[in-house]
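Just below is one structure, and these are the notes that go with it.
Derivation of every value follows stated rules applied to the coordinates shown; laboratory data play no part. The model shown is predicted, which means the values in this text are computed figures rather than measured ones. As a convention, Cβ positions derive from the backbone with ideal geometry for all residues, glycine included, and neighbour counts pool all protein chains shown.
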Ligand code: HPA
């Protein structure tokens, strides 16, 4: 019911027909909209039933437009479980994507580097996740990350000469950053990156039959690696700086889909 109302509002305000892919931009990653032709943009706060982000750096907009002939729906800003929202609310945008008939989804997030080789600025294409301290509804039988979209992301990286790696994302519910001991545990468990988002969305999208990929941009070394303490400000600063390779990768990827 809530989804139907939101869908109706979005269909009136934006051009949602024939969208090839929905792209969700995480912390400090609100670019790309600037490159869209025929940009239409709304504040997600005006969408009936849409959860409002309380986090700095998540601006809460939804837009549609065309990039090199591809129709896109871009969502900037998301809500997190640690803000006090239920998983049903966290994945509300995923239901909307489904209701609009969009079949592909690219998620992005800012994450801590657990693998010591992944310094701030590294781009990681996710091919698995662990969620050791949380129960997120249920886990899919096979990886929720699309092999096909991941292959296209790698192809796009090759064409545009952007360095990417593959990796495993550790989903933590927050709200605090992890302890050093938790990061050591996550590393031993095979995690390469750690963050507080996108896994619920990915799991739901899989359930709804949406082909999904996720790219993490490492914004900081995870807790205990450098000895200095972490802050959301640092996450935003790294995300805002040197985004160029991420933008290049996303644009090349969109050309390929
Ligand atoms: N931990 C958890 N979430 C994060 C981090 C981190 O180090 N960086 C960005 N999001």
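Say R0 is 25 Å: what FRET efficiency, to the nearest 0.05, do residue 166 and residue 66 get from their beta-carbon distance?
0.25
Just the ratio, please: alpha-carbon radius of gyration of region 9-154 over 2.2 N^0.38 Å, N its number of residues.
Dividing the Cα Rg of region 9-154 by 2.2 N^0.38 Å gives 1.08.
Using Cα atoms only, what is the angle between the long axis of helix 147-160 and the major principal axis of the chain, expressed in degrees (0 to 90) to the nearest 10?
Taking the Cα atoms of the chain, the angle to 147-160 is about 80 degrees.
Residue 103 label point, 7 Å along Cα→Cβ, cut-off 14 Å on backbone N: hits in region 198-216?
209-212
Based on DSSP, what percent of beta bridges with both residues in the chain are antiparallel, to the nearest 5?
40 percent
For a quick protection proxy, order the peptides 220-228, 172-180, 207-215 by their average other-Cβ count within 10 Å, most packed first.
Per-residue Cβ counts within 10 Å, averaged per peptide and sorted highest first, yield 207-215, 220-228, 172-180.
Above 22 angstrom, tally the Cα pairs of region 3-256 and express them as a % of all pairs, no decimals.
51 percent
Report, in deg cm²/dmol and to the nearest 500, the calculated mean residue ellipticity at 222 nm for the chain, where each DSSP H run with n ≥ 4 adds -39500 (n - 2.57) and the sum is divided by the residue count.
-9000 deg cm²/dmol
Taking Cα pairs under 8 Å and at least six residues apart, what relative contact order does region 144-226 come out at, in percent?
41 percent
Quick check: residue separation of residue 128 and residue 142 times 0.36 nm, minus the Cα distance between them. What number comes out in nm?
Additional length available on full extension: 4.1 nm.
Would you mind calculating the gained length between residue 247 and residue 151 on full extension (0.36 nm times residue separation, minus the Cα-Cα distance), in nm to one decimal?
Answer, rounded to one decimal: 32.8 nm.
From the mean inverse distance of alpha carbon pairs (Kirkwood) and the Cα radius of gyration, derive Rg over Rh for region 118-257.
Result: Rg/Rh = 0.96.
Could you give the angle, 0 to 90 degrees to the nearest 10, between helix 244-256's Cα long axis and the longest principal axis of the Cα atoms of the chain?
Roughly 50 degrees, rounded to the nearest 10.
Compute the relative contact order of the chain as a whole-number percentage, counting only Cα pairs closer than 8 Å that sit 6 or more residues apart in sequence.
24 percent
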